[in-house]
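The block underneath contains the structure these notes are about, expressed in structure tokens.
The values are calculated or read from the model by the stated rules, or taken from the named source; none is laboratory data. Worth saying up front: this structure is predicted, and the values here are computed from it rather than measured. Glycine gets a Cβ as well: all are built from the backbone with ideal geometry, and neighbour counts include every protein chain shown. The accessibility values were calculated without ligands, DNA or RNA, using every heavy atom of the protein model including side chains. Shrake-Rupley method; radii C 1.70, N 1.55, O 1.52, S 1.80 Å.
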Amino acid sequence: MKEGKEANEVKEVKEEQKKSEGIAAFFDLDGTLAALPSLESKLFRTLRYRREIRAKNYLFWLREALRLMPRGINAILHANKMYLRGLKLFDERGEGDEEVSSWHKDGHRAEGQASAPPRRTPRLPVPTFFAQAIEAVAWHAKEGHEIVLISGTLEPLARGAARAMEAELAACGIAVTARVIATRLEEKDGKFTGKILGEAMFGEAKARAAKRLAGEMRLDLRRCYAYGDSLNDRSLMASVGRPAAVNPSNDFASFAHARGWPVLNWEGEESLTQRRGVRGEVEKKEEQRSAIA
């Protein structure tokens with residue numbers, strides 16, 4: 001009898017693990033998981049205050065903006081990093097961190113990063129996460145879903161945010177290792193060149209990155225989740241089966257409502273009668289779409 005009970009328990013565990021296989025939750029960072037202004041805006045203000053941005057970098061930025069102009073304002077805002085030209089690599093320690101490291105907890109180093117980087121300065125801004133956002137990530141982690149932070153911000157900022165999120169969840173007894181997909185920076189001789197490696201991670205680039213990851217990890221995008229706050233996230237969200245707009249701008253809220261996507265508010269406090277679980281919001285919309293079909 002005891003052996004039979006243990007066998008059933010093992011079977012149940014395997015079935016639960018199978019249910020969560022192939023599922024990931026993709027989270028935008030600025031405005032979705034963390035409050036605005038963006039981490040890169042905070043970094044820029046810090047660099048300007050410390051007078052670390054050379055005057056000629058503004059001219060380099062303007063020249064690059066003119067080159068990118070045919071691709072639109074979003075390309076100028078997300079792909080132009082010339083203000084970083086000649087700056088030393090960042091100190092990726094957040095407040096309370098003891099070590100400097102370009103390595104993330106998954107044990108992988110970003111392509112193009114030196115294995116023994118020089119001291120990085122200044123330290124990077126630490127995000128302030130919405131409580132409901134942390135609850136959502138915790139729920140996905142408990143369900144066995146892969147956690148993916150996908151953001152147009154600079155990769156060092158995104159890695160720092162991932163570490164801060166992991167630490168916050170660890171304090172709640174939840175072990176999470178988040179994968180990071182963000183805008184990668186070219187480095188040379190311990191300094192940034194102002195150029196990016198690959199694509200700036202916004203718009204359709206996010207969807208392409210999610211599809212590449214799905215191929216590598218054998219994810220079923222139809223069962224995956226995606227959370228974003230602006231129209232720049234719409235391609236990513238359209239590529240998964242369970243999208244949700246979070247703290248959306250007015251135009252994105254209209255866009256989401258028109259497609260039957262859940263619209264969530266993680267910015268303000270809600271009463272227990274108003275609050276609805278992330279899973280319930282998404283799955284209710286799925287049930288409504290199924291009923292209509």
Exercise for review: Take SER271 and decide whether it is modelled with pLDDT under 95, surrounded by fewer than 22 Cβ atoms within 10 Å (Cβ to Cβ), hydroxyl-bearing (Ser, Thr, Tyr) and not in a loop (DSSP other than H, G, I, E, B).
Suggested key: no
Practice item. Go through (1) open to solvent by 20 Å² or more (accessible area, probe 1.4 Å); (2) modelled with pLDDT of 95 or more one by one and return the number of the condition LEU236 breaks. Key: (1)
Practice item. Take LYS2 and decide whether it is basic (Lys, Arg), within 30 Å of ARG223 (Cα to Cα) and at pLDDT below 95. Key: no
Exercise for review: Out of GLY277, GLY228, GLY215, GLY241, report the one residue that is open to solvent by 20 Å² or more (accessible area, probe 1.4 Å), at pLDDT 95 or above and closer than 18 Å to TRP139 by Cβ.
Suggested key: GLY241
Review point. Somewhere in segment 128-149, is a residue more than 15 Å from LYS191 (Cα to Cα) and modelled with pLDDT under 95?
Key: yes
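Name the residue that is farthest from ASP28 (Cα to Cα), counting only residues in segment 244-257 that are buried (at least 16 other Cβ atoms within 10 Å of the Cβ) and hydrophobic (A, V, I, L, M, F, W, C).
Across segment 244-257, the extreme among qualifying residues is PHE255.
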Point to revise | Members of segment 189-212 that are more than 20 Å from ARG71 (Cα to Cα) and surrounded by 19 or more Cβ atoms within 10 Å (Cβ to Cβ) | key: PHE192, ALA210
**Study point:** Residue list for segment 174-188, filter: open to solvent by 70 Å² or more (accessible area, probe 1.4 Å) and farther than 17 Å from MET82 by Cβ
**Key:** ALA175, THR177, ARG179
